[in-house]
Structure formats: C-alpha cells, structure tokens
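A.B. asks: Dropping a structure here in structure tokens format, bear with me for questions.
The values are calculated or read from the model by the stated rules, or taken from the named source; none is laboratory data. Note that the structure is predicted; figures quoted are calculated from it, not measured. Ideal geometry is used to build each Cβ from the backbone, glycine not excepted, and the neighbour counts take in all protein chains shown. Just the protein is used for accessible areas: all its heavy atoms, side chains included, with ligands, DNA and RNA removed. Shrake-Rupley method; radii C 1.70, N 1.55, O 1.52, S 1.80 Å.
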Amino acid sequence: YVIPTGTKLGVAYGVSTLDYADATDRGAVANLVENNNRWTVGAYHPLTKHLNLVAEYNAIESKDHQGDSQESSNISLGAILFF
C-alpha cells in the first residue's frame with residue numbers, strides 16, 4: 001500500500017519450528033524451543049532517491065515443547081541508504 005506522500009507500509013509474518021531428532025534428544029533437552037512467531041509492521045518513507053527513513057514494530061512469541069512461552073516486542077527506527 002502506498003500513501004500519497006510516497007510512504008510505503010508493509011506487514012510481514014513468519015514462523016519457524018524445531019522438532020526433536022529422537023527420544024535421546026528429547027531427554028537431553030526437555031525445554032527445547034518448539035516454535036517462534038513474529039509479526040512485523042513497518043513504514044518506509046523516502047527522503048531522497050538514495051535515502052529512506054524506516055520505522056518498524058516487531059511482536060515475537062517463542063514456545064518450548066513443554067508449553068511455556070515468552071513474548072517480546074520492540075520498535076526499530078533507522079534509515080536505509082541505497083547506492
């Protein structure tokens with residue numbers, strides 16, 4: 001989606017999963033991470049042909065094989081230089 005000012009908005013979602021290799025692996029690492037989920041929402045504003053300002057929000061959740069989970073979120077601000 002492009003806002004009339006040239007600012008672009010973006011959304012991304014990703015999942016990674018990790019399974020045990022075998023019963024020995026399960027016994028050695030009971031709390032192995034099972035999956036990670038991440039949502040990213042961003043705004044990208046061109047200042048010039050070679051410089052964009054960037055603002056992104058990330059929401060992350062990790063869950064282990066025992067059902068415990070952790071959540072985090074962060075905001076990133078920066079610039080992209082194209083050359």
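A.B. asks: So which residues in segment 29-55 are within 21 Å of Gln66 (Cβ to Cβ) and open to solvent by less than 80 Å² (accessible area, probe 1.4 Å), if there are any at all?
C.D. replies: Answer for segment 29-55, where residues must be within 21 Å of Gln66 (Cβ to Cβ) and open to solvent by less than 80 Å² (accessible area, probe 1.4 Å): Val29, Ala30, Leu32, Val33, Glu34, Asn35, Asn36, Asn37.
A.B. asks: Residue pairs, Cβ under 9 Å, 6 or more apart or interchain, first in segment 59-77 and outside any loop (DSSP other than H, G, I, E, B), second modelled with pLDDT under 90 and loosely packed, with under 13 Cβ neighbours inside 10 Å. List them.
C.D. replies: Matching pairs, first to second residue: Asp64/Ala30; Asp64/Asn31.
A.B. asks: What are the residues in segment 1-58 that are assigned to a loop (DSSP other than H, G, I, E, B) and touching a residue at least 24 places away in the same chain (Cβ under 8 Å), if any?
C.D. replies: Restricting attention to segment 1-58, the residues satisfying the condition of being assigned to a loop (DSSP other than H, G, I, E, B) are 1, 3-7, 18-22, 29-32, 49-50.
Answer for segment 1-58, where residues must be assigned to a loop (DSSP other than H, G, I, E, B) and touching a residue at least 24 places away in the same chain (Cβ under 8 Å): Thr5, Gly6, Thr7, Tyr20, Ala30, Asn31, Leu32, Lys49, His50.
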